[in-house]
């Protein structure tokens with residue numbers, strides 16, 4: 001088994017890091033993504049509370065993520081629960097100007113070689129898709 005790292009592209013959010021962190025650090029706020037058509041065909045049975053979320057991934061099974069660390073306005077770290085493999089996820093935030101925050105997702109997973117071959121491409125695409133969704137949803141529309 002080897003540890004594999006997947007990183008999203010850096011996304012730009014037109015909002016402050018404080019606002020973005022405030023939303024992302026309470027997983028109840030992610031409910032609005034439940035009905036997103038991009039996720040709808042990939043994630044099912046989504047459940048949330050403040051510190052964790054559980055969902056079923058098409059072709060993979062039930063997975064849970066729990067917040068294990070929050071560093072105010074900078075990062076939120078997650079660890080998998082209920083998953084067949086160990087996964088860690090980091091959301092990193094950096095404000096470069098007022099209402100200009102950069103977001104990057106990093107996923108590290110302990111994947112057996114066979115599973116890695118099956119899910120490698122999907123994880124690479126998935127991490128960028130989630131980063132895109134977050135960036136779009138968290139950006140404040142320009143007046």
Q: Please state which of the following conditions residue 64 fails to meet, knowing it meets all the rest: (1) modelled with pLDDT of 95 or more; (2) surrounded by 12 or more Cβ atoms within 10 Å (Cβ to Cβ).
A: (1)
(Q) Can you pull out every residue in segment 47-56 that is surrounded by 16 or more Cβ atoms within 10 Å (Cβ to Cβ) and modelled with pLDDT under 85? (A) 55
Q | Candidate set from segment 95-110 (those that are more than 11 Å from residue 12 (Cα to Cα) and surrounded by 19 or more Cβ atoms within 10 Å (Cβ to Cβ)); member that is modelled with the lowest pLDDT | A | 109
Q: Quick one: in segment 1-27, of everything that is loosely packed, with under 12 Cβ neighbours inside 10 Å and within 21 Å of residue 64 (Cβ to Cβ), which residue is modelled with the lowest pLDDT?
A: 3
Q.
Restricting to segment 67-80, count the residues that are without any contact (Cβ under 8 Å) to a residue 40 or more places away in the chain and surrounded by 15 or more Cβ atoms within 10 Å (Cβ to Cβ).
A. 5
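The values are calculated or read from the model by the stated rules, or taken from the named source; none is laboratory data. Owing to the predicted nature of the structure, the values given are computational and were not obtained by experimental measurement. As a convention, Cβ positions derive from the backbone with ideal geometry for all residues, glycine included, and neighbour counts pool all protein chains shown.
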